[in-house]
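Enquirer: Below is the structure I would like to discuss, written out as structure tokens.
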Amino acid sequence: MAYFYGNSMLSSPYFPLAVLFVAALGFGLAPLGLAWAWARLVSPAKPNAIKNAIYECGLESKGDAWVQFRSAYYLYAIIFLVFDVEAVFLLPFAVAFTGLGVGACLAMLVFVLLLIEGLAWAWAKGILTWA
Amino acid sequence: MKTAEEILAAIKTALPEAKVELVQNPSVSGQHSLVVAPEDGLAVAVFLRDDSELALDFCSNATGVDWLDKETTEKVKATEVVDGEEKVIEKTVKHIQPGYLESVYHLYSMRQKHGPVIFRMRTANRTDQVELPSMTPVWRSCEFQEREIFDLFGIVFKGHPDLRRILMWDEFEDHPMRRDYVDPDDYEYEPTPHDEVLKRAQEHQAQQNEAKQAAEVTQ
Amino acid sequence: MAVEPDLKIELGKQGVFVTTLNELYNWGRRNSVWPMQFGLACCAIEMIATTMARYDLARFGAEVFRPSPRQADLMIISGTVTKKMAPQVVRLYNQMAEPRYVIAMGACAISGGPFKQGYNVLKGIDRYIPVDVHIPGCPPRPEALIHAFMTLQKRIEEQPLTGENRPRHLDADAQGLFPVPEPGAHDLVPPVNRLVWPLPAPKPDATEKQG
């Protein structure tokens, strides 16, 4: 029974995956474990209140680190991202510009206009004013 | 640009109540200055900024001056009766002019492209009455400079939006640019002392020796 | 248990490399001194120049300037330490992991320099933290900083792993906390850390020469 069970496990198509998973886990954890063991066994730990304090460019930290951002900040971030991605598309277009036809130019123009429309919409909605 | 006398006349016609004096500068630069009484300071400043001819819309520099008590001697001739005879005796009379703190503003006009006009205010004394009106509501550029004057000279600007120390730490109590400021005595180790440092090191050493002798006596 | 230098060279010629644990350990330490990314005044500009392609401090193992004291071995006090900044410098030094080294760069960091008689400048950072190498100059040239760095490397190399002069991270009793001065009403409190900066004997000739 055990033999059959073992055989079926070995023959399972997922067995190599499981082995790889364990190996990957070991590969990641072993250096961490070794570093921890090294630090535990060899280094004389000399903690003190200042050393364990939060690092804030040498200043004493005041208040809580968990602060809330305004939701308007995320709208800013999205608008920024749109134009960031636009630059990614525009760069290869600009590099290949001399070899392109009218159709490609028109397509790019439509793409940019769509983005500008989005910006105009956000502007009209009053997102860009930080009140 | 108008001369200092003309500016003074303009102020006098616009604000007849204001107490303004002209202080001549005898040097080559001839930058004469207007000394304004603190209570009229704000009104005069607004006039200087808003007057269409002067239009001093930019304060480039605000600074402080510490004036110590000034002792002047004057020779006075007086007639006195000595031994039944009238004699003319020369007497020297000492006057002590109380010291004061002063704030100085250098004003320019961006619109008319002229300047500087120097505008000064004086406190009543150097100890307890050290308040002057703040020029920050008139010229925004005065904000940090007035904080610096407050920090280093100890002039308290009334009407300043955020009057805190700017260079020294908040717990600091002295005003280092005053003439009677004495910096902390940490001249205990000077490997190559000279001039002022040598003097301070010697003073420090003498104090240390006195303290040591006093400790030996008590033992 | 050091190997004799002549024997070592002879073995090296035969293709045998001999070393001691001490040498190997210090070889690793001295070639991976990472400075902290921390500049105070004009000397910091020279420090930045030293790390750039022309002088290239990376040749000596100072590869990266770490932006956190937790990952740095060396603090280069590059510039004037004002009394307002001194508590922050001492706190940063405390937050560095052992072993930590300090180079005081320039006249101001050593003694206050041209601002010595000023009301706001600390008369040398070695009043609060132990300094390994001092560099004079206003500001010192990049070559001077490299020289200081090599001096520090030599010092690290010479440290034995046991005994009196062993590095501080191997000495469990070594002082780890250096008190941060508090801002006071007239000066920093205390004005000097006596454990780090014992009072030198007064110089009699200095006071008598012109007295």
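Enquirer: Out of the residues in segment C:77-90 meeting the condition of being farther than 26 Å from A:Lys46 by Cβ and within 14 Å of chain A (Cβ to nearest Cβ), tell me which one is surrounded by the fewest Cβ atoms within 10 Å (Cβ to Cβ).
Expert: Out of the qualifying residues, it is C:Lys84.
Enquirer: Specify which of the listed residues (B:Glu80, B:Glu17, B:Glu90) is among the acidic types (Asp, Glu) and part of a loop (DSSP other than H, G, I, E, B). Full working, then the answer.
Expert: Values: B:Glu80 fails: part of a loop (DSSP other than H, G, I, E, B); B:Glu90 fails: part of a loop (DSSP other than H, G, I, E, B).
Step by step, each of B:Glu80, B:Glu17, B:Glu90 is checked, and only B:Glu17 is among the acidic types (Asp, Glu) and part of a loop (DSSP other than H, G, I, E, B).
Enquirer: From C:Tyr93, C:Tyr119, C:Tyr101, grab the single residue that is of a type outside the set (A, V, I, L, M, F, W, C) and within 13 Å of chain A (Cβ to nearest Cβ).
Expert: Within the list C:Tyr93, C:Tyr119, C:Tyr101, the selection yields C:Tyr93.
Enquirer: Out of (1) more than 30 Å from B:Glu188 (Cβ to Cβ); (2) in contact with a helix residue (DSSP H, G or I) (Cβ under 9 Å, 6 or more places away or on another chain); (3) of a type in the set (Gly, Ala, Ser), what's the single condition that is false for C:Gly137?
Expert: (1)
Enquirer: Does C:Ala174 satisfy the criteria of being out of contact with any Leu (no Cβ under 8 Å at 6 or more places or on another chain), over 18 Å from C:Met105 (Cβ atoms) and among the aliphatic types (A, V, I, L, M)?
Expert: In short, yes.
Enquirer: Keeping to segment C:161-196, report how many residues are of a type in the set (A, V, I, L, M, F, W, C), surrounded by fewer than 18 Cβ atoms within 10 Å (Cβ to Cβ) and at pLDDT 85 or above.
Expert: 6
Enquirer: Return yes when C:Ala172 is over 19 Å from A:Gly58 (Cα atoms), within 11 Å of another protein chain (Cβ to nearest Cβ) and in a loop (DSSP other than H, G, I, E, B) and no when it is not.
Expert: Numbers: over 19 Å from A:Gly58 (Cα atoms): yes; within 11 Å of another protein chain (Cβ to nearest Cβ): yes; in a loop (DSSP other than H, G, I, E, B): yes.
Answer is yes for this residue.
Enquirer: Follow-up. So which helices (runs of 4 or more DSSP H) are wholly in segment C:1-100 and hold at least 1 residues that are within 25 Å of B:Met168 (Cα to Cα) and without any contact (Cβ under 8 Å) to a residue 60 or more places away in the chain?
Expert: Where helices (runs of 4 or more DSSP H) fall fully within segment C:1-100 and carry at least 1 residues being within 25 Å of B:Met168 (Cα to Cα) and without any contact (Cβ under 8 Å) to a residue 60 or more places away in the chain, they are C:43-51, C:86-95.
Enquirer: Just to be sure, is C:Ser68 over 16 Å from C:Asp132 (Cβ atoms) and buried (at least 22 other Cβ atoms within 10 Å of the Cβ)? Show your work before the answer.
Expert: Values: over 16 Å from C:Asp132 (Cβ atoms): yes; buried (at least 22 other Cβ atoms within 10 Å of the Cβ): no.
Taking the combined requirement at face value, the residue does not satisfy it.
Enquirer: Would you call A:Ile78 surrounded by 10 or more Cβ atoms within 10 Å (Cβ to Cβ), out of contact with any Asp or Glu (no Cβ under 9 Å at 6 or more places or on another chain) and within 30 Å of A:Trp123 (Cβ to Cβ)?
Expert: In short, yes.
Enquirer: Got a sec? Which of B:Leu54, B:Leu68 is modelled with pLDDT under 95 and closer than 30 Å to B:Met1 by Cα?
Expert: B:Leu54
Enquirer: Taking the residues in segment A:32-47 that are part of a helix (DSSP H, G or I) and surrounded by 10 or more Cβ atoms within 10 Å (Cβ to Cβ) as candidates, determine which candidate is modelled with the lowest pLDDT. Steps first, answer last, please.
Expert: Going through segment A:32-47, the residues part of a helix (DSSP H, G or I) turn out to be A:32-41.
The next check asks that each one be surrounded by 10 or more Cβ atoms within 10 Å (Cβ to Cβ); those that pass are A:33-39.
Numbers: A:Gly33: 95, A:Leu34: 94, A:Ala35: 90, A:Trp36: 92, A:Ala37: 92, A:Trp38: 86, A:Ala39: 82.
Among those residues, the one meeting the criterion is A:Ala39.
Enquirer: Separate question: Condition check: out of contact with any strand residue (DSSP E or B) (no Cβ under 8 Å at 6 or more places or on another chain), surrounded by fewer than 21 Cβ atoms within 10 Å (Cβ to Cβ) and not assigned by TED's automatic domain parsing to the domain that holds B:Glu21. Does B:Glu80 satisfy that?
Expert: Working: out of contact with any strand residue (DSSP E or B) (no Cβ under 8 Å at 6 or more places or on another chain): no; surrounded by fewer than 21 Cβ atoms within 10 Å (Cβ to Cβ): yes; not assigned by TED's automatic domain parsing to the domain that holds B:Glu21: yes.
Criteria not met by B:Glu80.
The values are calculated or read from the model by the stated rules, or taken from the named source; none is laboratory data. The shown structure was predicted, so the numbers you read here are calculated from the model rather than taken from an experiment. Glycine also receives a Cβ, built like all others from the backbone with ideal geometry; neighbour counts cover every protein chain displayed.
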